[in-house]
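The values are calculated or read from the model by the stated rules, or taken from the named source; none is laboratory data. Remember, predicted model here, so these are calculated numbers, not experimental data. Heads up, the Cβs are rebuilt from the backbone with ideal geometry, glycines too, and the neighbour counts pull from every protein chain shown. What goes into the accessible areas is simple: the full protein's heavy atoms, side chains included, and nothing from ligands, DNA or RNA. Shrake-Rupley method; radii C 1.70, N 1.55, O 1.52, S 1.80 Å.
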Amino acid sequence: MEQDALRRLAEAERFPDVGVSTPYLALGAEAFPSGLASPDPLLGPRSDDYFPLDRVALAQALSRTQNQIEIQTRTEDITDHGCGAVLPDPMLELSAIRSRRQDSAVPGAPDEEAGIVSQHQGRPPELPNLAAEIVFVLVCTASQFIFALMYGHGTITQTPLRDALGLPPTQTPWLMGSALLATGLSVIIAGSLADLAAPKPMMVGAFLWSSVWHAVAAGAISPRLKVLYFIARAMQGLSTGVLASASMSILGRVYKPGVRKTRVFSLMAAGAPFGFWVGCVHGGGLSAHLPWVFGSTAIFLALIAFAAQLSLPDLSPAKDSHDVDAPSLRQFDYVGAALSSVGCGLVLFGLTQGSSAHWNPYTYSLIIVGLAMFVAFAFVERRVVRPLIPNDLWKTPGFAALLIAYFLGFGGFAGAWQFYAVQFWQRYQGATPLTVALYILPNGIVGILAAWIVSKTLHVFPGHWIFLASMICFAMGPVFFLPQTPETSYWTLSLPGVALATFGPDMSFAAAAIFITSSVPRSYQGSAGALLVTVQNLSSAIITSVSDSIGVRVEQLPTGEVGLQGLKAIWWFGLGCTLTGALITATMVRIPKAEEKEHVH
């Protein structure tokens, strides 16, 4: 080693120009194009999206090779052709450069010399081809689609369904509350189970379960069987919670944070407004034949179950790192699951029943006990080995504020505006259920457009900008409906209000879902998604119930229905909720741009 160093020092003194970086063939770095087209398999042709050629490194490598050749030649003249010397191979040097570029390239990290940001994310290895990936994503998107489809059925057919079941107007919120209550019970438990067990059987079974209970609901639409009908709706809600949790667990595990995941979750978010519109058209067209609304849905769900069996990959519980074991069902938090689900059920039941029971001590007691369950749940989660939701997630800056803003924004949209906008159209503007379904057509069109916008912008702009825009869009529904009278044309105010408000759920769900699932380890993807769906269900049920109480207090008709002034009071309440959510987002929520990275460990 010392002799080699002395020899190199002597050569440097004898040939002082050797240490200078000599341009290869008198060419500098600027002479090499950034994307070198060559039949050589090492150099190209390759797309810059994969491994862009580093022009500076290429020029330096060729210069070093030329200088080494000069050293070798001069040394050979001195030492009688330098026996034993090894001449460096230029192509091996180029191969080493490219290997270093691949090894050091971190997805989503900026290129230090060229300023290039890699945003490429290939197809997940669990999916054999693009066609399989498309079917897989559509099946997972069906969880949001089915939830919104059921919500559309209940919203658009609330008047004929209430009459068919013989319900008083004050019990109208139960048409949606029964399913939302059951969804709230199941989604928290299902989220953790989907992370600790194989999620594919859960999803296939949930589709089949929902199909069976839709068939039961089709035969229970009569005053004599209304109890069975509400049981069937609750069982449908249970399956919806499982589908929402399991699908987000699968997507969160299969896709790493990055552009591809952003697009997939944006498509999943588009399933909600599109599903709501399809549910409104489907329910409106069959409002005179209500059993067929549920019977045809049962057939559709059976077909989706078959597609899920064929397309969903078999996933085992995910390992968060190579040096730890994968979690198992032995780590399931039974105490936390019981406290959270029972607490959620009591709060939802008390709030939904409050309006029809005129807020007596019975309903207050249910709500108080439910809130006490949540307090006990928070206490237990700090002491279990594997909590339902990672405790570190609550320490993420802006996370709690995001959940509060989402609760207010989505609740103001779905619970305080959309549900009562349908009543306004039907009762005060004389629109039929099918006509109302056509009124909501912008939901389907704009929902897809919003998903496309999010998929193209979430890796360009910070996510809280998109989330703030969604809060403002949520507010557009009440803004455009407050000035309306029974004589106001649909084209004047209702159309722009529906179109602008539809951007809200798509943009907010995509931004929130990507932020939450990217902030937890792979083994917590279902639990994180379940938390978001839980907030969504709670906001819909709670704000719908509170809105109904406000409307009845302001103006109640002799029939027990909310009067026009009561509807406007509800819309003012919804506007206040959405603007409060916008204020919280602007001041306390910070969501970074989507980037290629590994899951949190």
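Quick notes
- If the chain linking residue 400 and residue 288 were pulled fully straight, counting 0.36 nm for each residue of separation and taking away their Cα-Cα distance, it would gain 35.8 nm.
- Inter-part distance where segment 132-146 and segment 500-557 are each reduced to a Cα centre, Å: 20 Å
- Whole-percent carbon and sulfur share, accessible surface of segment 408-515, 1.4 Å: 79 percent
- With the simple spin-label model, which puts each label point 7 Å out from Cα in the Cβ direction, the residue 364 to residue 314 separation comes to 5.7 nm.
- The simple spin-label model puts a point 7 Å past each Cα toward its Cβ; for residue 138 and residue 331 those points are separated by 3.6 nm.
- Computed with a 1.4 Å probe over protein heavy atoms only, the accessible surface of segment 128-205 comes to 25 Å² per residue.
- Compared with the alpha-carbon gap, the fully stretched path from residue 588 to residue 449 is longer by 47.3 nm at 0.36 nm per residue.
- Remark on segment 151-283: Rg and Dmax equal 16.5, 53 Å (Cα only).
- Two-site FRET efficiency, residue 296 against residue 382, from Cβ-Cβ distance with R₀ of 60 Å, rounded to 0.05: 0.80
- Accessible surface, per residue, of segment 427-476 when the full set of protein chains is kept, probe 1.4 Å, Å²: 41 Å²
- Considering segment 423-526, its Cα convex hull presents a mean projected area of 7.9 nm².
- FRET efficiency for residue 556 and residue 307, using Cβ-Cβ distance with R0 set to 60 Å, rounded to 0.05: 0.80
- Which of 281, 212 is most accessible, then next, and so on - probe 1.4 Å: 212, 281
- At 0.692 mPa s and 37 °C, Stokes diffusion of segment 180-245 via Kirkwood alpha-carbon radius, µm² per second: 272 µm²/s
- Theoretical FRET efficiency, 1/(1+(r/R0)^6), r = Cβ-Cβ of residue 123 and residue 482, R0 45 Å, to 0.05: 0.40
- Label-point gap, in nm, between residue 372 and residue 456 - each point 7 angstrom along Cα→Cβ: 5.5 nm
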